[in-house]
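The values are calculated or read from the model by the stated rules, or taken from the named source; none is laboratory data. Bear in mind the structure is a predicted one, so any value in this text is a computation, not a measurement. Neighbour counts run over all protein chains shown; Cβ positions are idealised from the backbone, glycine included. What goes into the accessible areas is simple: the full protein's heavy atoms, side chains included, and nothing from ligands, DNA or RNA. Shrake-Rupley method; radii C 1.70, N 1.55, O 1.52, S 1.80 Å.
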Amino acid sequence: AGRKASSTITATVVAIPVGAVLPAAVDDTATGAFGQSVTLTPVGRDAAGVAPAPSTQGTATTTYSTPALDASSVRLCAAGQVMPGCTAMTVTTVDGTYTVNAGGTVTFTPVAGFTGQATTPVAYQVSNSYTVTVDDTAAPSTLVTPHSYTATALLLPTIGAPTGPVAANDSATT
């Protein structure tokens, strides 16, 4: 009866290191034949970003590994999802179905009869990965922690029109 409790919550906001260049995703396009699936390669045109220069504060020196895109991080943004919270491996729209494959590629399978560029493109996200190493000479220790940042862009598949029959000239001799 009448007991009270208290606690303290400390939030730590990690700033983007000065000089860092975040990853950049670029809209991806691919064209396929009528009635066929087409594979898009999102990571192929995206950039991993650039690590900042090493820095020293007091007795601690911080260094960064070179960022690399992580193809296994490719996820689709389903309805209501926004980066960096996209988690879908498959998304279906009125145009067809998008499926993330091993290696970070995405296959678009059009609905029957679909032609042209997707009218409801799907967003994808991809993350980079790198490590931050802090060496402190005052208390000999090394702390290595993994980090990542995420970027997003659109998948824009196009399916070609069906090919019609080809007529050949007829000839007859009498």
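Key figures for this structure:
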| read-out | value |
| --- | --- |
| Qualifying positions in the stretch 97-116 - more than 20 Å from A71 (Cα to Cα) and in contact (Cβ under 8 Å) with a residue 60 or more places away in the chain | T109, P110, A112, T115 |
| Among (1) modelled with pLDDT of 95 or more; (2) over 25 Å from A20 (Cβ atoms); (3) under 13 Å from the mean Cα position of the chain (by Cα), the one test that Y98 misses | (3) |
| Search result, residues across the stretch 115-135 that are more than 22 Å from V50 (Cβ to Cβ) and surrounded by fewer than 15 Cβ atoms within 10 Å (Cβ to Cβ) | T115, G116, Q117, T119, T120 |
| Single match in A112, A139 (criterion: exposed (fewer than 10 other Cβ atoms within 10 Å of the Cβ), modelled with pLDDT of 95 or more and part of a loop (DSSP other than H, G, I, E, B)) | A112 |
| Condition check for T99: open to solvent by less than 70 Å² (accessible area, probe 1.4 Å), among the β-branched types (V, I, T), closer than 30 Å to A139 by Cα and assigned to a strand (DSSP E or B) | no |
| Any strands (runs of 3 or more DSSP E) falling wholly within the stretch 29-95 and containing at least 2 residues that are open to solvent by 20 Å² or more (accessible area, probe 1.4 Å) and touching a residue at least 40 places away in the same chain (Cβ under 8 Å) | 60-64, 68-76 |
| Which listed residue is within 24 Å of F34 (Cα to Cα), polar (S, T, N, Q), part of a strand (DSSP E or B) and touching a residue at least 12 places away in the same chain (Cβ under 8 Å), from T158, T133, T145 | T158 |
| Test: Q117 is of a type in the set (S, T, N, Q), under 11 Å from the mean Cα position of the chain (by Cα) and at pLDDT 95 or above | no |
| Lone unmet requirement of (1) of a type outside the set (K, R); (2) open to solvent by 70 Å² or more (accessible area, probe 1.4 Å); (3) within 26 Å of F114 (Cα to Cα) for I16 | (3) |
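Listed here are the residues, each with its yes/no results for (1) touching an Asp or Glu at 6+ places or on another chain (Cβ under 7 Å); (2) within 30 Å of T163 (Cβ to Cβ).
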position: T107; (1), (2): no, yes
position: G113; (1), (2): no, yes
position: T120; (1), (2): yes, yes
position: V134; (1), (2): no, no
